[in-house]
Amino acid sequence: MSFESVIKIVTENWPMFLRGAGVTLLISMVGTIIGALIGLLIGVFRTIPRPDRLFKRIIHRVLGGLFSAYIEIFRGTPMIVQAMVIYYGSAMAFGIDMDRLYAAIFIVSINTGAYMSEIVRGGIVSIDKGQFEAAQAIGMNHIQTMRHVVLPQVMRNILPATSNEFVINIKDTSVLNVISVTELYFQTKTIAGNNFKYFESFLIACIIYFVMTFTVTRILRFIERKMDGPDNYMMAGNQMQVTTPQFKEQS
Amino acid sequence: MQPVIEIQHLKKSFGSHEVLKDIDFTVNKGEVVSIIGSSGSGKSTLLRCINLLEKPTGGQIIYQGENILDDTHDMNAYRKNLGMVFQQFNLFNNHNALGNCVIGQRKVLKRSKKEAEDVAMNYLRDVGMEQYIHAKPKHLSGGQKQRVAIARALAMEPDVLLFDEPTSALDPEMVGEVLNVMKSLAHTGLTMLIVTHEMEFAREVSDRIVFMDQGVIVEQGPAQQLFDNPTEERTKAFLRRF
Ligand SMILES: Nc1ncnc2c1ncn2[C@@H]1O[C@H](COP(=O)(O)OP(=O)(O)OP(=O)(O)O)[C@@H](O)[C@H]1O
Ligand SMILES: [Mg+2]
């Protein structure tokens, strides 16, 4: 291996590397976002208290069962196998020829959704019971409590886990080369197949993967810190502190 | 005297453990009532049953002439008429002090942003927290959090304000600031129901004291009478500890 040959591969193939990196980033980013939304919906559903009415309770049970099955199955099987089953299975069963890119996004989304459902549920369960009670005590219903009090805190709490999923997805989309999506690994394989410089080509891919995961991690850390706000509080205005509270008489 | 809430034969069990046994009890308009009693006697459970954070297992709660334990009754519509101040403050961590006092008004009472903020500011000023309106709960001391929590409850303009040991989680030097706020409130004619271990305070602000033991109301009466001339043996035993 020589440094020159690496440079040569880059200069000759940079558009392919770039496109591969772009597709990888697109699949993993969209997949993580959709997956997180799936996770939010299922996670919230799984914390709804059991309804009192029989009909609602049956629906609640059935949906709960389906969601559990979904989570177990997708967490319990490798994504590379899911990709084959879904891509070739949909072609065989329904005669649909899925666009490879959409298929890839679909697979990453539902796979991430299975993991995120558990993360969201954990995030909701970890919110102090007092937050729910205070919301209920002022008359908020379950949806209002979730929307205005609980979920904003859950989102903040699950951000590190979501970043983690994003990074895992950037790396794991490489398995989608089995359905010939033109992501970074697939592109590198093609490049290396032409120039027979496997080591150099994959070294370049390696560096690109690392730069992507490193940058994404840093950006999301920055967002986390931004969301947390400053550590100290500056008092508004500089009026004298009121020591004895004054209340008006109630009429 | 006009009753705000009437409790009749209220019962609450956790599994086979009967925590409230046949409680009869009325809170009248403008009255300040303190509930005292030893740990585990069911004081918190009673308060939590009144605003339905716990579902009573029997009895009735009459509010505005209706039993709100009827299946048909809208729980949330009833709850917005009661304010609750918790021992652990329970401020919404994702909102600042002002936001804590605004969100319920906006979403439950459907007030406009302007009106909700004006009302919130008034009460935050009353509790001496107007300088901290943009502070998140994590920036506030325990006493400050509790004062914001009181303002949050007041901003809903409830018929009754329930307090569950509002100073028990506070460092001793912060107890005073919260009790002072509550004393001022007591003088405004607000109806208050307070669970407390602060006997001096209870005696000073309360129109009536209720003594609970093992899930029943043992004795109740005007503060002076209950503290100075209790009739029941259990009350005497409890008060001797102070
Ligand atoms: N959610 C619950 N599940 C089971 N038991 C409970 C629950 N909440 C309260 N209890 C029990 O009910 C009894 C009364 O509790 P409660 O909290 O009402 O007492 P308290 O008078 O408020 O006491 P303290 O002064 O310590 O706050 C206790 O024995 C307690 O263990
Ligand atoms: Mg208690």
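Here are a few things to note about the model shown:
- With contacts taken as Cα pairs under 8 Å at a separation of at least 6 residues, the stretch A:103-179 carries a relative contact order of 40 percent.
- Pairwise burial A:B, computed as accessible area of each alone minus the pair, summed, 1.4 Å, Å²: 3400 Å²
- Rounded, prolate or oblate (a/c below 1.5 giving rounded, otherwise prolate when a/b exceeds b/c) for chain A by Cα gyration tensor: oblate
- Taking amide H as placed 1.01 Å from N in the peptide plane, B:Thr191 has its amide H under 5 Å from the amide H of B:Gly30, B:Leu161, each at least 5 places away in sequence or on another chain.
- Measuring r between the beta carbons of A:Asp52 and B:Glu66 and using R0 = 22 Å, the FRET efficiency lands at 0.65.
- Partner aspartates and glutamates whose Cα lies under 18 Å from the Cα of A:Lys197, excluding those fewer than 8 positions away in the same chain, are identified as A:Glu4, A:Glu12.
- Mean separation of Cα contacts under 8 Å, 6 or more apart, over the residue count of chain A: relative contact order %: 31 percent
- Prolate/oblate/rounded call for the stretch A:88-216, Cα gyration tensor, a/c under 1.5 rounded: oblate
- B:Asn76 versus B:Ser168: modelled label distance in nm, points set 7 Å from Cα along the beta carbon direction: 3.0 nm
- Backbone N within the stretch B:145-168 under 18 Å of label point (7 Å from A:Arg156 Cα along the Cβ vector): B:145-146, B:148-149
- Computed label-point distance, nm, for sites B:Gln214 and B:Met1 using a 7 Å Cα→Cβ extension: 2.8 nm
- Ignoring lysines fewer than eight residues from A:Lys226 along the same chain, the ones with Cα atoms less than 19 angstrom from its Cα are B:Lys136, B:Lys138.
- Scanning chain A for trypsin sites (Lys or Arg not before Pro) that sit in a DSSP loop and have at most 13 other Cβ atoms within 10 Å, the longest stretch containing none of them is A:54-247.
- Fraction of antiparallel bridges per DSSP, the protein assembly as shown only, in percent to nearest 5: 55 percent
- Along the stretch B:145-155 the Karplus relation, 6.51 cos²θ - 1.76 cosθ + 1.60 evaluated at θ = phi - 60°, assigns HN-Hα couplings of 4, 5, 5, 5, 4, 5, 4, 4, 5, 5, 4 Hz to successive residues, with x for each Gly and Pro.
- Note on A:Ile80/A:Arg19: beta-carbon distance plugged into 1/(1 + (r/R0)^6) with R0 of 25 Å gives a FRET efficiency of 0.70.
- Computed on chain B, with alpha-carbon pairs under 8 angstrom and 6+ residues apart, the relative contact order is 26 percent.
- P(r) weight above 17 Å for the stretch B:157-242, C-alpha pairs, percent: 50 percent
- Interface burial in the stretch B:123-160 reaches 40 Å² or more for B:Asp126, B:Glu130, B:Gln131, B:Tyr132, B:Lys138, B:His139, comparing the full protein assembly with the chain by itself; accessible area from heavy atoms with a 1.4 Å probe.
- Taking every DSSP helix (H) stretch of at least 4 residues in the protein assembly as shown, weighting each as -39,500 (n - 2.57) and dividing the sum by the residue count yields a mean residue ellipticity at 222 nm of -18000 deg cm²/dmol.
- Taking B:Leu124, B:Leu52, B:Leu20 as the candidate residues, the one with maximal mean-square fluctuation in a Gaussian network model of chain B, Cα springs under 10 Å, is B:Leu52.
- Backbone HN-Hα couplings from phi across the stretch A:100-112 [Karplus 6.51/-1.76/1.60, Hz, Gly and Pro as x]: 4, 5, 5, 4, 4, 4, 4, 5, 5, 4, 6, 5, 4
- Here the stretch A:104-142 and the stretch A:174-205 have alpha carbon centers that stand 38 Å from each other.
- Shape of the stretch B:1-70, Cα gyration tensor, a/c cut at 1.5: oblate
- Pairs with C-alpha atoms separated by more than 22 Å, drawn from the list B:Lys43/B:Lys107; A:Lys129/B:Lys43; A:Lys129/B:Lys21; A:Lys8/A:Lys189; B:Lys110/B:Lys145, are B:Lys43/B:Lys107; A:Lys129/B:Lys21; B:Lys110/B:Lys145.
The values are calculated or read from the model by the stated rules, or taken from the named source; none is laboratory data. Keep in mind it's a predicted model, so treat the numbers as computed, not measured. Virtual Cβ from ideal backbone geometry, glycine too; neighbours counted across all protein chains shown. Keep in mind that these areas ignore ligands, DNA and RNA; they rest on the heavy atoms of the full protein, side chains included. Shrake-Rupley method; radii C 1.70, N 1.55, O 1.52, S 1.80 Å.
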